1. Does segment 32-46 contain at least one residue that is modelled with pLDDT under 85 and touching a helix residue (DSSP H, G or I) at 6+ places or on another chain (Cβ under 8 Å)?
2. Any residue that is in a strand (DSSP E or B) and modelled with pLDDT of 80 or more - is there at least one of those in segment 9-20?
3. Does G44 fit the bill of being open to solvent by 60 Å² or more (accessible area, probe 1.4 Å) and of a type outside the set (F, W, Y)?
4. List every residue pair whose Cβ atoms sit under 6 Å apart, with the two residues 6 or more apart in sequence or on different chains, where the first one lies in segment 33-45 and is assigned to a helix (DSSP H, G or I) and the second, anywhere, is open to solvent by less than 70 Å² (accessible area, probe 1.4 Å).
5. Name the residues in segment 16-41 that are over 25 Å from G63 (Cβ atoms) and open to solvent by less than 40 Å² (accessible area, probe 1.4 Å), would you?
Amino acid sequence: DIIFLTVKPDKIKEVCFEFVDKKRKIIVSAAAGVPITKISEWSGNKHQVIRCMPNIPISVSEGSIIWYGLP
């Protein structure tokens, strides 16, 4: 299963606590300024975390998405 975190960065910690008791998932975050190490910690250190950062031109099919993940 894949979980996409697309909430405002100030809500990420609160949302991540909901995944602590879940079976292993892939978490994809688009929250600017929130390190994937923190997302991993807040969600119980058992999920694979990927961070993606789309840029503004993506809204007109002219952009790109950069991603980085932890195992």
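The values are calculated or read from the model by the stated rules, or taken from the named source; none is laboratory data. These numbers come from a predicted model, not from an experiment. Here the Cβ positions follow ideal geometry from the backbone for every residue, glycine too, while neighbour counts run over all protein chains shown. These area figures cover heavy atoms from the full protein model, side chains too; ligands, DNA and RNA do not enter into them. Shrake-Rupley method; radii C 1.70, N 1.55, O 1.52, S 1.80 Å.
1. Within segment 32-46 (the criterion being modelled with pLDDT under 85 and touching a helix residue (DSSP H, G or I) at 6+ places or on another chain (Cβ under 8 Å)), the answer is yes, since at least one residue qualifies.
2. For segment 9-20, residues in a strand (DSSP E or B) and modelled with pLDDT of 80 or more: absent.
3. Against the criterion (open to solvent by 60 Å² or more (accessible area, probe 1.4 Å) and of a type outside the set (F, W, Y)), G44 does not qualify.
4. I36/V49; I36/R51; I36/L70; I39/C16; I39/S29; I39/V49; S40/V49; W42/C16
5. If the condition is that a residue be over 25 Å from G63 (Cβ atoms) and open to solvent by less than 40 Å² (accessible area, probe 1.4 Å), then C16, F19, K25, S40 are the ones that fit.
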